[in-house]
Structure formats: structure tokens, C-alpha cells
């Protein structure tokens with residue numbers, strides 16, 4: 001399983017990323033709902049009444065007294081077309097911004113998931129490498145201990161050398177158990193992300209030069225982050241959304257204008273003043289509503305919206321500061337990581353040479369086996385540090401891309417190529 005394979009599996013099953021997918025559906029529905037406030041509203045109402053009427057008094061001398069029971073049925077069709085609703089007009093713009101913000105947040109969730117998957121993937125690789133190094137060290141220490149025991153039996157090695165070799169053997173066994181536990185935990189973390197069992201993973205070669213940062217200028221990366229960082233972009237939209245909400249609440253002071261058309265049909269079977277009737281009424285109107293007093297609701301809502309705007313502006317400033325810090329930390333990790341890789345690679349070569357020299361010294365009788373064990377331990381330690389530095393460099397590289405809002409699928413392909421040892 002490669003990095004891209006793991007990422008695709010994680011996207012299919014990660015609840016956090018799936019939640020961002022659902023948020024887009026919510027935003028799309030909200031946009032449609034905002035538009036609906038400016039679209040026609042048509043309805044039909046029907047009614048049936050049983051009427052019992054008594055004339056109590058009347059100036060009509062013909063119908064001075066009377067009593068009647070009759071049925072009454074009516075149907076009303078009404079069409080209302082909003083003409084001017086300033087809050088609805090502003091609401092459409094706000095809904096569009098909300099949808100855009102949610103889509104950027106989805107990209108951020110995707111980028112975050114990609115970084116988490118690669119980090120967990122590399123942690124598993126390091127744990128596997130560490131376990132393999134611990135096994136090789138155990139084999140080497142066992143072989144050296146057997147040689148020391150043979151030499152001690154022939155009187156060529158001291159008791160101190162023998163006990164030191166045995167103690168080192170126990171220490172290596174403990175390190176092996178620790179490496180097994182670490183691998184189990186890190187593999188479980190990766191499987192939790194991808195939602196499935198993880199089989200054989202791609203291995204990493206010794207070369208990481210292909211993952212180069214361009215430009216090698218921290219200031220340039222900070223500038224890119226201030227405009228491209230996904231959290232900054234989402235926060236900028238959050239500020240604009242809050243401004244639109246202020247305008248929406250202020251619109252509570254504005255008049256609204258609607259065009260209305262209605263048709264009223266009524267049928268009665270009788271009345272106290274005579275027989276039944278059927279009446280149809282067509283009504284066309286422009287309805288203007290001017291708000292006067294709302295109990296302070298509009299003022300309070302506007303004040304609340306302004307406070308939320310201030311919150312959004314502060315969140316934007318916080319996002320910018322965090323972006324600057326993330327870029328600087330990641331860039332420093334990349335620069336220092338390259339220097340550390342070069343130094344550790346030279347250190348590995350030096351320790352390998354030192355081990356060979358001490359092994360020849362033991363055969364020539366110039367060194368004790370303890371010095372060989374020391375050299376072998378130092379070699380395994382520096383190899384472990386070199387391997388960790390390679391994985392950490394890749395992590396810093398991806399963190400820098402994410403902080404700048406530029407972590408893309410091609411970067412995951414680059415990591416896959418690095419693991420396979422591709423030249424391009």
C-alpha cells in the first residue's frame with residue numbers, strides 16, 4: 001500500500017472528512033433557501049362553513065326579523081411576488097459566501113487528512129525500520145557475546161568483558177520489545193485513519209533530494225501563506241459573511257414591497273336577507289410595509305451582528321498569526337533537516353569506519369571486545385537518528401506546503417516516488 005492508496009482509503013472512511021462533505025450539502029441547501037425568499041409564493045385555501053344567523057335588529061323594514069341556516073363554501077387563490085426585501089437580497093450574497101467558505105474548509109479538512117495519513121504512514125515505516133535495526137543489533141550483540149564467552153573460557157577475555165556483553169544483550173532484548181510495541185501502536189494509528197488492515201508498505205530509499213523547497217526563502221513562504229493558507233482564506237470569508245449579517249439585521253429598519261394577486265370565490269346556499277349567491281372577486285395590489293417600532297429587536301440584533309463581526313476579525317488575525325508561525329516552524333524544520341541529514345549521513349559513514357577499525361583492532365589484540373560493542377551500539381544509534389531525520393524531513397516539507405495552502409495530490413505522488421526510489 002502506497003501513500004496515495006492510504007489517503008484514498010482514509011477519505012472514504014474518515015468521519016471528520018465525511019463531515020466536511022455533508023457541510024457542503026448543508027450550504028447548498030441554505031443557498032437555495034436564501035433564493036426562495038425572492039421567488040413567488042402561491043397558495044390556495046379552501047373553507048366550508050355551517051352558518052346559523054338571527055336578525056337581532058335591522059333598519060331594513062322588509063327583513064326586520066328573521067332566522068336562517070345555510071352552508072357557505074369558499075376558495076381563495078393567492079400569489080405573492082416579493083419586489084423589494086433588502087434583507088433577502090443581502091441574504092443571497094451571504095449564502096453564496098457561506099458555501100464558498102464551506103468548500104474551502106473541505107479543502108482544509110482534506111489537506112489535514114493527507115498530512116495525518118502521511119505522518120502516520122511514515123511513523124509506521126520508522127517503527128518497522130527501528131524493529132529491524134533492533135533485531136540486527138541483537139544478532140550482532142549475541143554473536144559478539146558468544147565470541148567473548150569463548151575467549152573468556154580460554155582465558156583471553158576478562159570477567160568484566162563477559163558481564164558487560166551479557167548486560168548489553170539484555171538491554172538489546174528490552175529495546176526489541178519496545179520496538180515491537182511501538183510498531184503495533186503506530187500501525188494501529190494508521191489503520192484507524194484508513195479504516196482497514198494495512199498490509200506491506202512502500203519502503204524509503206536513502207535519497208530525499210527530490211523533495212526540494214522552492215524558493216529557499218522563509219519570507220516568501222510567509223507571504224504565500226498569508227494569501228493561500230486555507231484557514232486564513234476561510235477566516236477572510238468569515239469576516240465578509242459577518243459584514244453581510246450586519247447589513248441583513250440593519251435591513252429590519254427598511255420598508256418591504258410585495259406584489260399580490262388573489263382570486264376569492266364564495267358560494268352560499270342562503271342568507272337571512274334572501275337566497276344564496278356565488279361571488280368571484282379578483283384583487284391586484286402593491287403592498288408596502290414600513291416598520292416603525294419593533295421593541296428594540298432590530299437594534300439588538302444589529303448590535304449582536306456587529307459583535308460577531310469583531311469576533312470574525314479577531315479570528316482572522318489569529319489565523320494569520322498561526323499561519324506565519326506554522327510556515328516559519330516548517331521552513332526551519334526543512335532547512336535544519338537538510339543540514340541534519342548531511343551531518344548524520346557523514347556520521348553513519350564515520351561510525352561504520354570506526355567499527356571496522358575496532359574489529360581489526362580486536363583481531364590484532366589492540367582493542368577489547370567492549371570497544372567493539374560500543375562502536376556497534378553507536379552505529380545503530382546514528383543509523384536510527386539518520387532514519388528518523390529522513391522521515392522528519394518529509395513531514396516538515398509537507399507541513400510547509402500545507403501551511404502555505406499548497407499541499408496537493410502531486411505532493412503525495414512525490415512522497416510515493418521517494419518511497420519507491422524514483423528519480424523524478
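Computed from the coordinates by the stated procedures, all read-outs in this text should not be read as laboratory data. Predicted, not measured: the structure shown is a model, and the values here were computed from it. No Cβ is skipped: glycine too gets one built from the backbone with ideal geometry, and neighbour counts run over all protein chains shown.
What is the fewest-to-most order of 393, 265 by other Cβ atoms lying within 10 Å of their Cβ?
Ascending Cβ contact count within 10 Å gives the list 265, 393.
Measure out, as a whole number of angstrom, how far apart the alpha-carbon centroids of segment 307-345 and segment 31-47 sit.
The two parts, judged by their Cα centres, are 49 Å apart.
Sort the following peptides by mean Cβ neighbour count (other Cβ atoms within 10 Å, averaged over residues), highest first: 132-138, 328-334, 115-121, 196-202.
Put in order of decreasing packing, that is 115-121, 328-334, 132-138, 196-202.
Where does helix 409-420 land angle-wise versus the long Cα axis of the chain, in degrees 0 to 90, nearest 10?
For helix 409-420, the angle is close to 20 degrees.
Length gain on complete extension for the stretch residue 180 to residue 297, per 0.36 nm per residue less the alpha carbon to alpha carbon distance?
Going from the current span to full extension adds 35.7 nm.
How far is helix 15-36 tilted, in degrees, relative to the longest principal axis of the Cα atoms in the chain, given as a value from 0 to 90 rounded to the nearest 10?
Tilt of helix 15-36: around 20 degrees.
Sorted from fewest to most neighbouring beta carbons within 10 Å, what does the list 283, 385 look like? Provide the component values of the computation, followed by the final result.
Numbers: 283 11, 385 15.
Neighbour counts put them in this order, fewest first: 283, 385.
Fully extended, how many nm does the chain gain between residue 339 and residue 282 (0.36 nm per residue separation, minus their Cα-Cα distance)? Please report the intermediate quantities before stating the final value.
Numbers: separation 57, 0.36 × 57 = 20.52 nm, distance 8.56 nm.
Between residue 339 and residue 282, full extension yields 12.0 nm more.
Just want the ordering: 20, 36, 68, from fewest to most Cβ atoms lying within 10 Å of their own Cβ.
Least to most surrounded, the residues fall as 36, 68, 20.
To the nearest 10 degrees, how steep is helix 159-194 against the longest Cα principal axis of the chain, on a 0 to 90 scale?
Helix 159-194 and the main axis of the chain meet at about 20 degrees.
Which distance in Å, rounded to a whole number, links the C-alpha centroids of segment 245-293 and segment 60-136?
Measuring centre to centre over Cα atoms gives 32 Å.
Given the rule -39500 (n - 2.57) for each run of at least 4 DSSP H residues, summed and divided by the residues of the chain, what is its mean residue ellipticity at 222 nm, to the nearest 500 deg cm²/dmol?
About -24000 deg cm²/dmol.
Using 0.36 nm per residue, how much length does the chain from residue 322 to residue 196 gain when fully extended, once their Cα-Cα distance is taken away?
Working: separation 126, 0.36 × 126 = 45.36 nm, distance 3.36 nm.
Value of the extension gain: 42.0 nm.
For the chain, what relative contact order do you get, as a whole percent, if you take Cα pairs closer than 8 Å and at least 6 residues apart?
24
Go ahead and run the numbers for FRET between residue 132 and residue 420, Cβ-Cβ distance against an R0 of 30 Å, rounding to 0.05.
Numbers: r = 19 Å, r/R0 = 0.63.
Plugging the Cβ-Cβ distance into 1/(1 + (r/R0)^6) gives 0.95.
With Cα extents along the principal axes in Å defined as stated, name the option among (i) 185, 50, 37; (ii) 71, 51, 42; (iii) 146, 46, 41 computed from the structure displayed.
Here Cα extents along the principal axes in Å agrees with entry (iii).
Within segment 281-318, find all residues whose amide N lies under 15 Å from a label point positioned 7 Å from the Cα of residue 87 along Cα-to-beta-carbon.
Zone members listed by number: 289-306.
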